[in-house]
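The values are calculated or read from the model by the stated rules, or taken from the named source; none is laboratory data. No experiment lies behind these values; they were computed from the predicted model shown. Don't worry about glycine lacking a Cβ; one is built from the backbone with ideal geometry, like all the others, and counts go over all protein chains shown. When the accessible area is computed, the model is the full protein with side chains, heavy atoms only, and any ligands, DNA or RNA have been set aside. Shrake-Rupley method; radii C 1.70, N 1.55, O 1.52, S 1.80 Å.
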Amino acid sequence: MKKTPLLAALAFVALSTILNAAPTKKLNIYCWSEYIPQGVIDAFSKETGIKVSVENYASNEEMLSKLSAGGGSFDILQPSEYVVEALVKEKLLQPIDHTKIPNLKNISPQFLNMAFDPGNKYSVPYMAGTVGIVVNTNLVKDDIKGFADVFKPQNKGKIVVLDDAREITTWALLTQGLPINQITDKNLAKVKPILTQWLPLVKVYDSDSPKTALLNGDVAIGVIWGGEGAILLNKNKKFRWLIPSEGTHLFIDSLVIPKTSQNTENAEAFMNFILRPDISKQISEDFPYLNPNLAARELMTKKQLENEASFPSDEAIKKMQTFKDIGVKGSDIEELVTTIKAK
Ligand code: N2P
């Protein structure tokens, strides 16, 4: 019998009713750029039939401002520690069902149960990392040891830095020996003249892929994410990585589920998927950050584990501070940096 358009339409309606009754096979992820490999997303979709859409941001603040403007409807976010802390405080996250995330056992105890989310009630660690300095030793002969050596007049026009006000302000605080979470008016007044000297020296602001300007020789020095530094070290021996002598911070980026998510089970399935040792290893191959997944580290090569931009020594890690939620003071930092940049 030939199918009539009416029969086809009826069949379509019946099928859509069945499909609508079933849980949706969708997952909307809002995450950092250059952090979750497309191959991992594709593998997840292939295995589960869940269609994933991904949107990226370049800073925690960009993500927060989009959320507070009511933009987007997401099932997974990827905030850093201080933003997990803030989102929990504001009751914007769903508690995670740990029975759905058995692979959490693969995470090093060092990165579990941290102060920003005791018991990992709301967050699952994705990657950790740090911010350091990369020097192209073919172009820069000075012995760069810290931020104060980077931001010198002779390096004007040779520097790429992260486009991130909290980061930049932290580096200035560190040169003054000030605590990175003590964002008082007095401390901001102290760092203002420093940033006023530093920022005109910067050629490129880039949080997405700061390695690019270094690779194409556009700049010679970078203050960038560890994972980006690790890629440069792998690409060419002329790049040197160092932890600034003034100190730096350790970040822990996690996956969380906003309260507004309608696809909680899919989100938990994704969390468990990225914690699988083989998948986590795949993530480290593309984005070599400090992988907190011990079972994945077992699968990684000696070369990967010895990359000092990915894995700082325990001794170095011990000296690193972590960011805390600074509440409304965050906007003072944004304003300070934006005003100086605009000059
Ligand atoms: C990845 C960004 C690193 C995350 N592109 C910094 N918390």
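Here Asp314 clears all of (1) touching a strand residue (DSSP E or B) at 6+ places or on another chain (Cβ under 6 Å); (2) more than 21 Å from Pro79 (Cα to Cα) except the condition numbered (1).
How many residues are without any contact (Cβ under 8 Å) to a residue 40 or more places away in the chain, more than 12 Å from Ile283 (Cβ to Cβ) and open to solvent by less than 40 Å² (accessible area, probe 1.4 Å) if we restrict to the range 39-52? If you could, list the steps in order and put the result at the bottom.
Here is the first cut: in the range 39-52, the residues without any contact (Cβ under 8 Å) to a residue 40 or more places away in the chain are 41-42, 45-46, 49, 51.
Of the ones still in play, those that are also more than 12 Å from Ile283 (Cβ to Cβ) are 42, 45-46, 49, 51.
Now restrict to residues that are open to solvent by less than 40 Å² (accessible area, probe 1.4 Å): 45.
Residues that pass the stated criteria total 1.
A single entry from Gly227, Gly330 fulfils the requirement of being farther than 30 Å from Lys51 by Cα and not hydrophobic (A, V, I, L, M, F, W, C): Gly330. Within the range 113-163, if we keep just the residues that are open to solvent by less than 70 Å² (accessible area, probe 1.4 Å) and of a type in the set (Gly, Ala, Ser), the residue that is nearest to Pro200 (Cα to Cα) turns out to be Gly157. If I go through the range 294-326 residue by residue, how many of them are more than 27 Å from Gln182 (Cα to Cα), more than 16 Å from the ligand (Cβ to nearest atom) and open to solvent by less than 70 Å² (accessible area, probe 1.4 Å)? Number satisfying all stated conditions: 6.
Farther than 22 Å from Ala230 by Cβ and open to solvent by less than 10 Å² (accessible area, probe 1.4 Å): does that describe Ala172?
Values: farther than 22 Å from Ala230 by Cβ: yes; open to solvent by less than 10 Å² (accessible area, probe 1.4 Å): yes.
Judged against the criteria, Ala172 is a match.
I'd like to verify a number: residues in the range 59-80 that are of a type in the set (A, V, I, L, M, F, W, C), open to solvent by 20 Å² or more (accessible area, probe 1.4 Å) and touching a residue at least 60 places away in the same chain (Cβ under 8 Å), how many?
The first filter runs over the range 59-80 and keeps only residues of a type in the set (A, V, I, L, M, F, W, C), leaving 63-64, 67, 69, 74, 76-77.
With open to solvent by 20 Å² or more (accessible area, probe 1.4 Å) added as a condition, the list becomes 64, 67, 69.
Then drop every residue that is not touching a residue at least 60 places away in the same chain (Cβ under 8 Å), which leaves 67.
Matching residues across the range 59-80 total 1.
Can you run down the residue pairs with Cβ atoms below 9 Å, 6 or more apart or on separate chains, where the first is in the range 27-38 and more than 6 Å from the ligand (Cβ to nearest atom) and the partner is open to solvent by 10 Å² or more (accessible area, probe 1.4 Å) and among the acidic types (Asp, Glu)? Listed pairs, sorted by first residue: Asn28/Glu55; Ile29/Glu55; Tyr30/Glu55; Cys31/Glu55; Ile36/Asp286; Pro37/Glu285; Pro37/Asp286; Gln38/Asp286. Check the range 81-96 and report whether any residue there is open to solvent by less than 40 Å² (accessible area, probe 1.4 Å), of a type outside the set (A, V, I, L, M, F, W, C), within 30 Å of Thr212 (Cβ to Cβ) and within 16 Å of the ligand (Cβ to nearest atom). Yes, because at least one residue in the range 81-96 is open to solvent by less than 40 Å² (accessible area, probe 1.4 Å), of a type outside the set (A, V, I, L, M, F, W, C), within 30 Å of Thr212 (Cβ to Cβ) and within 16 Å of the ligand (Cβ to nearest atom).
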